[in-house]
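In what follows, a single structure is set out as structure tokens and then discussed.
Please treat every number below as a calculation from the coordinates, not as lab data. Keep in mind the model is a prediction, meaning the values are calculated, not measured. Cβ: placed from backbone, ideal geometry, glycine included. Neighbour counts: every protein chain shown.
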Amino acid sequence: MKAPPFQYHRPQTREELGTLLSSLENAKILAGGQSLMPMMNLRVLAPDHLIDINRIPGLAGIRETPEGIEIGAMTRQADILSSDVVKARLPLLSRALEHVGHIQTRARGTIGGSCCHLDPSAEQPAMCAILDAEFIVTRPDGHRIVPASEWFEGLLQSALGEQEFLEAIRIKPWAKGHGYGFAEYARRHGDFAIAGGAALIEASKDGRITRAALLSFGIEASPRRLSDAEAALIDQPIGKLDLEPAVAAARALDAMEDVHVTPDYRRHLAGVLIRRALNEACTTLERQP
Amino acid sequence: MSGRFFGAAVTRVEDARLLTGTGHYVDDIELPGMLHAAFVRASFAHGRIRSIDKRDALAMPGVVAIYTMDDFADIAQGPMPPMAPHPLLKTPITYHPLSDTEVRHVGEAIAIVLADSRANAEDAAAAVILDVEYLPTVSDVALAHEANSPTAHSQHASNIAATMKAGFGDCARIFAKADHVLTEQFDIHRGGCHAMECRGVVANIDLLTDALTISTSSQSPYMVRRHLAAYLDRDENGIRVMTPDVGGGFGPKANVYAEEFAVALSTIKIRRPVKWIEDRQEHFVATTQQRGQIWSIDVAFDNNGRMRAIRGHCIHDNGAYAPYGLILPATAIASFPGPYALEALDLTVDVVLTNLVPTSPVRGACRPNVAFLLERLADRIARHLGMDRQDVRQRSFVKAEQMPYTTGLKARDGSPISYDSGDYTGALNLVLDKIAAKDFEARRKESKQRGKLRGLGIASCVEDTGIGPFEGASIRVTPAGKVIVATGASSQGQGHRTAFAQIAADALGVELEDVTVETADTAKFPLGISTIASRIAVTAGSSVQLAAHKVRAKAITFASHQLEVDEHDLELEGGAVRVKGIADMKIKLSEIARALAGSTGVPLPGNMEPDLAATAYFNSNALTFAYGANACEVEVDPETGDVRVVRYVVVHDCGKLINPLIVDGQIRGGVVHGIGNALFERMIYDEQGQPLTTTYGDYFLPMASEMPPIEIHHMETPSPRNPIGVKGAGEGGTIPAAACVISAVEDALGPNGPFIPVHPISPQQVVQWLKATR
Ligand SMILES: Cc1cc2nc3c(=O)[nH]c(=O)nc-3n(C[C@H](O)[C@H](O)[C@H](O)COP(=O)(O)OP(=O)(O)OC[C@H]3O[C@@H](n4cnc5c(N)ncnc54)[C@H](O)[C@@H]3O)c2cc1C
């Protein structure tokens, strides 16, 4: 379990990084290394060059901006989990991060790494999808913004181009007091989940849903928004929600199979977990007085 | 016996070193000029190697040599000697150090690459090209057992390597007349083992004397020396084997492995030190695994729920080889009749070869399987008769007043097996009391309100421990007054250094810090067997006691001469021999040791033998039987199928406790092993024998986050069969645990749920079972 030979680069600036990205063939960016290094040690991946971006200033940090909360790609999962800003304004992301790996892996692993790696069960990209995050991508000639709806291109495949890197993720928080719910099932705490669900809701003063987002992850190759079920929730009264459209939508997904579980069981879980997430969102919703 | 230290919960002397990262493991050994080895391993389960092309690989950076079996022809050849020959195994089924022609499981070592670094060795290993003729593969033991199956070894006509039979009493008569007979099929999964430290070997050769030195992460260093010496046709004296700190063994490291031989042969060939450290990927495909068995069982019982007779047939998955002979399947037979006073037993075990990694004893060997069968049967009988599960057990168990109880089975030497002491019903009653089984229904109701199904499980076991013939110990007091204990028993983290020091310190009246324990170095102690089968406290522990008493007697004799006091009036205390009642009439042990070390021209008093030292071997001729009763509670999430063990209570009797802290640690770890068996660990192979769960992402080793608090209560029935009254404690936690957890799951699923004759169970299965009960 030693990685095949590679050349190691450690740029100190974005410019150096840009030059390396545009000149090297078969190169990989090294962030927290918590997915990349195991894959190299298992010899699943054999890049010729590793570009370590840990020393480039300004790639980590959580900033509140008028356009939303910007989380630098190199921000460690542990720092996001302990951030008061995230806790207060993106509580769903905080809630989800409790389920990501272990203290040790969160101390190194980054949100950018997870969003570029795109494991189907990864919580961080899934939360980006339900929160309609924007991915700020740096390329040789500047920046481009990729909406979450265009970021996921398939199994382990993001919209990132050859010479691009992920700079930051920008998320517009939902209204103060919004309801959020998260549920996943993994065999052991910190494992990649077999399946998961998340829900966000806002409601009017009279307790009717005004805005909703629903998502299943770990079921298909990429996290899936349940758009029709979201629409069906609008105007429904909290406390008497019809959960069935959400459950049915989750159960209708094209579930993956693996050595441990069948698509049937995964679909079954998708239904159970979206219901739990939605119920939890109803309990976390702060009722307007 | 008990003293200042024996029986006390003293903290382990090993811990400061091991917990602060200053342990010294095989991988910490660095020698000048050392080469690093990586193996070329089979990526296919069955095939014949036509040729091996190593030219490209040899040209790669840092590569020094690549050897196949042919390259060792001038040193040694042929298959490795069997560790435990058995008359039923007509020809030994052992590995070659490197596979020479036919490869029989994924992961089998074919060639060894020596390079200046492990990374370079791995690069080159990947570049060795094999030309292979693929052969039909059999990876499912039930299929392998069928008459027309492909064979795991192409030259064999059948995969059945041996058929073992055992029993007693008149089964036919009892079954014919029994009130009830039930038949059940059981499928117990093989599972892996996974010590924290994988295997590893460093071999070195003395260029002047040709002597070999081998450091290996092993439970059986003396067996490595013995078999390697036989294979190399060398005298044992020219081979030194030692085990530095070993990060867990649990059974698989008791084998003598092909890699140990291949590394030794490479060192002899290249005349440089060679290091091989097994990585986790290799561990999944090259280290022996647990105990897959399929059982078909008939049980006869009466209207009162008394279990009377069992007839059983077993298909035992031995994997591709039998390096450890038939030891593993033999432990299945030896685990009957457990705590049950059966009138008759009739067992047949077909030992079957498959194209998978071999199985060999892992914590409990096949005892957990048999505990699973017997305990599941007891639950099954209770359900059939509508009785309480504990009533079936109480009516069927061997009673305390029947001790010593002759089971009806025979030991390997033909002598009748007899349980020495114990109170099985008492243990069960105690555990039910401790878990408050009486109030369980209230807890079930409370869980129900939270949407969870709660179940209570129980399971008991009896465990044969302390198997002979011996482990020995020598004790020497140095002129500085320090006590050095040496034993051949190797240590894998069990706390031997603490436990042996406790025994020696009491006998010699010294402090724990004055005792140093040296384990498992063939240069420091001449003989050893293996640290396996919960035998070290009985064998080595007793030998330490016997040796310490010899040293004590010698010190007293010396002091009696010097002080001119009768021996009976002397005692050992505070590092000295002193006259009872007269505190300042004493001679320090250091002075005695110095005097017995001799000075030119000065005769020793009373013409005594020099050296304040002694060696002793306790011959453990009869097994001693530990036992336990477990109870646990699980909560099942009926929607996801998740099972969580929420309480676990153990009552355990391993005779006198040398150190309750250490025993608790053994039991707690053992229970976790069993919970892993019941709920988590599944080693999956496809039909082609390809392992599909070879990382910890896919192979679910239990983690602390899923484990319940484990409450332990001891009963202490001294064993009459050794001088310190102990019984083994290394496996008693594991043996009943899977049975106990599955019993609880079945109870949670309710009276309409299925009988569960398998493990591990999965959440997916639980959801299906619940669907079927609705
Ligand atoms: C034991 C264990 C348990 C885990 N459990 C979970 C879990 O439960 N849930 C979960 O979601 N994850 C889990 N992970 C994965 C973990 O969250 C990783 O940290 C994460 O997937 C990758 O982040 P990283 O910073 O470590 O990225 P790296 O491993 O360094 O990189 C991952 C990939 O992203 C690319 N990359 C990284 N940063 C950038 C960038 N800025 N721009 C462009 N490309 C980039 C790399 O080139 C690489 O291809 C676990 C990992 C381990 C070891």
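Grab the DSSP H runs of chain B that are 4 residues or longer, score each as -39,500 (n - 2.57), total them, divide by all residues and round the 222 nm result to the nearest 500 deg cm²/dmol.
Numbers: 19 runs with 202 residues, N = 774.
About -8000 deg cm²/dmol.
I need the helices of chain B that pass two filters: whole DSSP H segments spanning 20 Å or more by Cα along the axis, and mean Kyte-Doolittle score no lower than 0.5. Present the calculation step by step, with values, prior to reporting the outcome.
Numbers: long enough: B:367-385 (27 Å, -0.06); B:542-563 (31 Å, 0.16); B:660-675 (22 Å, 0.75).
Going by DSSP H runs, the hits are B:660-675.
Within a 10 angstrom radius of each residue's Cβ in B:107-116, how many Cβ atoms of other chains show up on average? Whole number is fine. Walk me through the numbers on the way to the answer.
Working: counts 0, 0, 0, 0, 0, 0, 0, 0, 0, 0.
Partner Cβ neighbours, averaged per residue: 0.
About the Cα centre of region A:128-269, how large is the charge dipole given +1 on each Lys and Arg Cβ and -1 on each Asp and Glu Cβ? Please answer in debye to the nearest 20. Could the numbers behind the result be given before it?
Details: 16 positive and 22 negative charges, 116 e Å.
Here region A:128-269 has a charge dipole of around 560 debye.
Which whole number gives the average, over all residues in A:183-192, of C-beta atoms from other chains lying within 10 Å of the residue C-beta? Kindly include the intermediate steps, with their values, before the conclusion.
Working: counts 1, 1, 6, 2, 9, 9, 4, 2, 6, 1.
Across A:183-192, the average partner-chain Cβ count within 10 Å equals 4.
Sequence-distant or interchain residues sharing an amide H contact under 5 Å with residue B:409, placed H: which?
Here B:417 satisfy the definition.
For the residues B:516, B:557, what sequence is obtained by ranking on other C-beta atoms within 10 Å, fewest first? The partial results should precede the final answer.
Values: B:516 15, B:557 18.
Ordered from fewest to most neighbouring Cβ atoms within 10 Å, B:516, B:557 come out as B:516, B:557.
Using the basic label-point model (7 angstrom from Cα toward the beta carbon), what is the residue B:73 to residue B:236 distance in nanometres?
Here the modelled spin labels are 3.3 nm apart.
Suppose R0 equals 56 Å; then what is the FRET efficiency for residue A:210 and residue B:684 from their Cβ-Cβ distance, rounded to the nearest 0.05? Can you show the working numbers first?
Details: r = 48 Å, r/R0 = 0.85.
E(calc), rounded to 0.05, equals 0.70.
Report ³J(HN,Hα) in whole Hz for each residue of region B:273-280, in order, from the Karplus equation J = 6.51 cos²θ - 1.76 cosθ + 1.60 where θ = phi - 60°; Gly and Pro get x.
Here the 3J(HN,Hα) series is x, 10, 10, 10, 10, 5, 9, 5 Hz.
Need one number: nm distance between label points at residue A:188 and residue B:609, each 7 Å from Cα along Cα→Cβ, rounded to one decimal.
5.2 nm
Given a cut-off of 24 Å, name the pairs among B:524/B:580; B:438/B:771; B:554/B:588; A:172/A:205; B:253/B:656 whose C-alpha atoms lie farther apart than that in the structure shown. Kindly include the intermediate steps, with their values, before the conclusion.
Working: B:524/B:580 36 Å; B:438/B:771 30 Å; B:554/B:588 13 Å; A:172/A:205 22 Å; B:253/B:656 28 Å.
In this structure, B:524/B:580; B:438/B:771; B:253/B:656 exceed 24 Å between Cα atoms.
Using the Cα atoms of chain B to build a convex hull, what is its mean projected area in square nanometres?
Numbers: hull surface 145.5 nm².
Across all orientations, chain B yields a mean hull projection of 36.4 nm².
Would you please give the FRET efficiency between residue B:387 and residue B:449, computed as 1/(1 + (r/R0)^6) with r the Cβ-Cβ distance and R0 = 22 Å, to the nearest 0.05?
Values: r = 29 Å, r/R0 = 1.30.
Result of the calculation: an efficiency of 0.15.
Would you please give the residues with an amide H less than 5 Å from that of residue A:73, counting only those at least 5 places away or on a separate chain, with H modeled from the backbone geometry?
A:168, A:169
So if each residue of separation counts as 0.36 nm, and I subtract the Cα-Cα distance between residue B:196 and residue B:696, what length gain in nm does that give? Present the calculation step by step, with values, prior to reporting the outcome.
Working: separation 500, 0.36 × 500 = 180.00 nm, distance 1.21 nm.
Stretched fully, the residue B:196-residue B:696 segment lengthens by 178.8 nm.
Each residue of region A:10-18 in turn: what ³J(HN,Hα) in whole Hz from Karplus with 6.51, -1.76, 1.60 and θ = phi - 60°, glycine and Pro shown as x?
9, x, 9, 9, 4, 5, 4, 4, x
Quick check: pseudo-label points 7 Å beyond the Cα along Cα→Cβ at residue B:774 and residue B:644, how many nm apart are they?
Here the modelled spin labels are 2.2 nm apart.
Once amide H atoms are placed 1.01 Å from N in the peptide plane, what residues at a sequence separation of 5 or more from residue B:132, or on another chain, have their amide H within under 5 Å of its amide H?
Correct list: B:50.
Restricting to DSSP H runs of at least four residues, report the calculated mean residue ellipticity at 222 nm for chain A, -39500 (n - 2.57) per run over all residues, nearest 500 deg cm²/dmol. Write out the running numbers ahead of the final one.
Details: 12 runs with 96 residues, N = 289.
About -9000 deg cm²/dmol.
Arrange the peptides A:280-286, A:190-196, B:366-372 so that the one whose residues have, on average, the most other Cβ atoms within 10 Å appears first.
Highest to lowest by the protection proxy: B:366-372, A:190-196, A:280-286.
For a quick protection proxy, order the peptides B:529-538, A:8-17, B:288-297 by their average other-Cβ count within 10 Å, most packed first. Let's see the in-between values first.
Working: B:529-538: 27.8, A:8-17: 14.4, B:288-297: 23.0.
In decreasing order of mean packing, B:529-538, A:8-17, B:288-297 become B:529-538, B:288-297, A:8-17.
Ignore the peptide's own chain and count Cβ atoms of other chains within 10 Å of each Cβ in A:267-279; give me the average, rounded.
Values: counts 0, 7, 6, 0, 1, 6, 2, 0, 1, 2, 0, 0, 0.
Per residue, the average neighbour count from other chains is 2.
Can you tell me the FRET efficiency between residue B:410 and residue B:296 if r is taken as the Cβ-Cβ distance and R0 is 30 Å, rounded to the nearest 0.05? Numbers along the way, then the final one.
Values: r = 24 Å, r/R0 = 0.79.
The pair residue B:410/residue B:296 has a calculated efficiency of 0.80.
Taking the highest mean first, how do the peptides B:335-344, B:565-574, B:679-688 order by number of other beta carbon atoms within 10 angstrom per residue? The partial results should precede the final answer.
Details: B:335-344: 23.7, B:565-574: 15.1, B:679-688: 18.8.
Listed from highest to lowest mean packing, they are B:335-344, B:679-688, B:565-574.
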